Amino acid sequence: MKIATWNINSARARVDRILDVLDRHDLDVLALQEIKCKPEQFPTAEIESAGYEIAAHGLNQWNGVAIISRVGIADVRTEFTGQPGFKKGEPAEGELFIAGPVEARAIGARVGAERANDGGLVGGIDLWSLYVPNGRAVGDPHYHYKLAWLEALQAAKAEKLAAKPEKKIALVGDFNVIPTDADVWDPAAMDNGLYLTDAERAAFFAFEDAGFVEVSRQFATNYTFWDYQRLRFPKNEGMRIDFVYASPALAAAAVAGEIDRDERKGKGASDHVPVIIEFDL
């Protein structure tokens, strides 16, 4: 099964690129982030005509996530257990951020599963498309929201994995964390140190502590994001913030992978590129 994750930065604006990537890489599943639309606005007809099903979650023109699959979609969930929300405003004394409505930043589904005689699901992957909060600035309420979001995600998925170590789980998407200094062209150029603080990195590597394995790095080492400003892409001034965390049972099945850097080229490109992993299931 070949799976990709991609921050598309508007599904409606880039439906032709989505179709091209699905075809060019012969993808079974594509997880999208920042679709920037409600489900009824998603370019469903075009993608379904290519033989794929869609599960999309979006509340407005911001954020939004989706899963596109030609191997089935079942058991769709639009938030994980304990997922915090966010509300703009000044936190009260002693609070780090204001808890508010849960944003459209996570969607999970079983892909590649089969129905048993009793109606239950057998096999497949429990896949989550994730758009981790940006953080905005170190110390900002949104930064603390980001850390709480990652902590809640890790706790929820660690509990699932501990209960069923054999379960095949994929946590894929835009993590908005630079795990190591080698994952950015110049750590000193990052405004206010956002993405690479000790707290953000600890939250990222906490998934390893729970048993998950980041599987893309063994196959590819280049960046996944280049800002539109200051000719970042032509200068190759990028960063690596898109990842594929897999449970041990799924990580053991990873056989190939790549980062499609060429997708950043040309008119109308997203500022992120697809990260692709193939699993031998």
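The values are calculated or read from the model by the stated rules, or taken from the named source; none is laboratory data. Just so it is clear, the model here is predicted, and its values are computed rather than measured. Positions of Cβ are generated from backbone atoms using ideal geometry, with glycine treated the same way; all protein chains shown enter the neighbour counts. Accessible surface is based on the protein model in full, side chains and every heavy atom, while ligands, DNA and RNA are left aside. Shrake-Rupley method; radii C 1.70, N 1.55, O 1.52, S 1.80 Å.
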* **Extension reserve of the residue 188-residue 99 stretch, reckoned as 0.36 nm per residue once the Cα distance is removed** => 28.8 nm
* **Cα-projected label distance for residue 262 with residue 137, points at 7 Å along beta-carbon direction, nm** => 4.2
* **Under 15 Å, Cα to Cα: Lys pairs in the chain, sequence gap 8 or more or different chains** => 7
* In debye, nearest 20, what is the charge dipole magnitude of the chain about its Cα centre with +1 on Lys and Arg Cβ and -1 on Asp and Glu Cβ, if you could check? => 400
* Estimated FRET transfer efficiency when R0 is 41 angstrom, pair residue 48-residue 117 (beta carbons, to 0.05) -> 0.90
* Asked: When the helix-only estimate is applied to the chain (DSSP H runs of n ≥ 4, each -39,500 (n - 2.57), divided by the residue count), what is the mean residue ellipticity at 222 nm, nearest 500 deg cm²/dmol?
  -> -6000 deg cm²/dmol
* Report residue 130's accessible area, 1.4 Å probe, all protein chains in place, as a number in Å² to the nearest 10. => 0
* Protein chains only, probe 1.4 Å: how do 267, 160, 146, 38 rank by accessible area, largest first? -> 267, 160, 38, 146
* To do: Please give the net charge around residue 245, taking every other residue with its beta carbon less than 13 angstrom from that of residue 245, where Lys and Arg add +1 and Asp and Glu add -1.
  => -2
* How large is the charge dipole for region 1-137, taken about the Cα centre, if only the Cβ atoms of Lys, Arg (+1) and Asp, Glu (-1) carry charge, to the nearest 20 debye? -> 280
* **Computed E for residue 180/residue 152 - FRET, C-beta separation, R0 30 angstrom, nearest 0.05** => 0.80
* Set the Förster distance to 45 Å, then compute FRET efficiency between residue 76 and residue 222 from the Cβ-Cβ distance, nearest 0.05. => 0.90
* Once you charge only the Cβ atoms, +1 for Lys and Arg and -1 for Asp and Glu, what is the size of the charge dipole of region 1-44 about its Cα centre, to the nearest 20 debye? -> 180
* Among 207, 54, 259, whose Cα lies farthest out toward the positive end of the dipole of the chain, if unit charges sit on the beta carbon of Lys, Arg (+1) and Asp, Glu (-1)? -> 54
